[in-house]
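Here the structure comes first, spelled out in structure tokens, and everything after it is commentary.
The values are calculated or read from the model by the stated rules, or taken from the named source; none is laboratory data. This is a predicted model, so every value here is computed, not measured. Note: ideal-geometry Cβ built from the backbone for every residue, glycine included; neighbour counts use all protein chains shown. To get the accessible areas, we keep the full protein, side chains included, count just its heavy atoms, and leave off ligands, DNA and RNA. Shrake-Rupley method; radii C 1.70, N 1.55, O 1.52, S 1.80 Å.
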Amino acid sequence: MPDNRFDGHPVSTSWDYTLTHARRMGVKFKLDSGRRTMADQRLLVKQKGLWSPSNPHGAARPVPWAPHIRVGMQSHALDVNNADGGRKRLQDWLAKHGLSTKQTVPGEPWHIEAGELALRRYAAAVRRQQKKAGH
């Protein structure tokens, strides 16, 4: 996968097109995390102390079945900052434009996922629209 970055975080090409389009359309949000590997998750937990028994919802434990790092899930799961309502603004805007996302991790209101095929289709439509507009 190409190393696309959005707000400094690795994301799939489909998310890169989609998030860039949303931002160009004026949607205010901040990406806190994109595609992660097991090693990324371990480092996040270790360096930032985001998971502990006393703070179990700070970050997912680095286990293979965690939604952030489950094989096949990395490319379409994101953590969007929720402090100022950015995650909701992005989710609402995406839904209004035909890309439904879900919050799949209990205790993590910032974590959203889109179906892989739906995300790819949406990103392809954005690319076609940009080509047509000459951007």
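Placing a label point 7 Å from the Cα of R89 along the Cα-to-Cβ direction, the residues of region 19-39 with a backbone N closer than 20 Å are 19-34.
Model label sites at Q130 and K28, defined 7 Å from Cα along the beta-carbon direction, differ in position by 2.4 nm.
When D40, D79 are compared by accessible area at a 1.4 angstrom probe, the order from most to least is D40, D79. Listed values for region 24-31 are Karplus-derived 3J(HN,Hα) couplings in whole Hz (6.51 cos²θ - 1.76 cosθ + 1.60, θ = phi - 60°), namely 4, 7, x, 6, 9, 7, 10, 7, and x replaces Gly and Pro. Computed extension length for Q103-L117: 3.3 nm, one decimal, from 0.36 nm per residue of separation with the Cα-Cα distance subtracted.
For the set H9, H111, H21, H97, the ranking by accessible area, highest first and with no ligand, DNA or RNA atoms included, is H97, H9, H21, H111 under a 1.4 Å probe. Accessible surface area normalised per residue over region 91-135 is 64 Å², counting heavy atoms of protein chains with a 1.4 Å rolling probe.
Taking label points 7 Å from Cα along the Cα-to-Cβ direction, R5 and N81 give a separation of 1.7 nm.
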